[in-house]
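Derivation of every value follows stated rules applied to the coordinates shown; laboratory data play no part. Just so it is clear, the model here is predicted, and its values are computed rather than measured. In this analysis, Cβ positions are derived from the backbone assuming ideal geometry, glycine residues included, and neighbour counts consider all displayed protein chains.
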């Protein structure tokens, strides 16, 4: 499967020329860095700063959802799945943590729908709690 992806990338690079390949690589590197930064902010419950990565039309819903997480402290996360293309990506992340009011482990999953527009990656996240 990895050989197939590599071969596909080589074909795309050959068709686009070396400049196009560099742009594609830069966009993917930018995506991975942006996604990592956003997910780390979520993991450390810095929702105000994470909001800057959210698409403008999804910020209100994001703010309402994170406000409802009052007292949550995430302790860890794991990336379950990544599907990415040149201008879109979907990442599934699982968070674990606890509420300040109770030391019981809580689990959340987040579906991150990423889109590249105007050379900027933004996310439309969906965060759900999983009952224990």
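In a fully extended conformation the segment linking residue 113 and residue 64 would gain 15.8 nm over its present Cα-Cα distance, using 0.36 nm per residue.
Here r is the Cβ-Cβ distance between residue 99 and residue 48 and R0 is 25 Å; the resulting FRET efficiency, rounded to 0.05, is 0.85. Approximating the spin labels as points 7 Å out from Cα along Cα→Cβ, the residue 83-to-residue 129 distance works out to 2.8 nm. With the gyration tensor restricted to C-alpha atoms of the stretch 78-118, the semi-axes of the equivalent ellipsoid amount to 30, 10, 5 Å, longest first.
Here the Kirkwood formula puts the hydrodynamic radius of the stretch 34-89 at 12.4 Å, using every distinct Cα pair.
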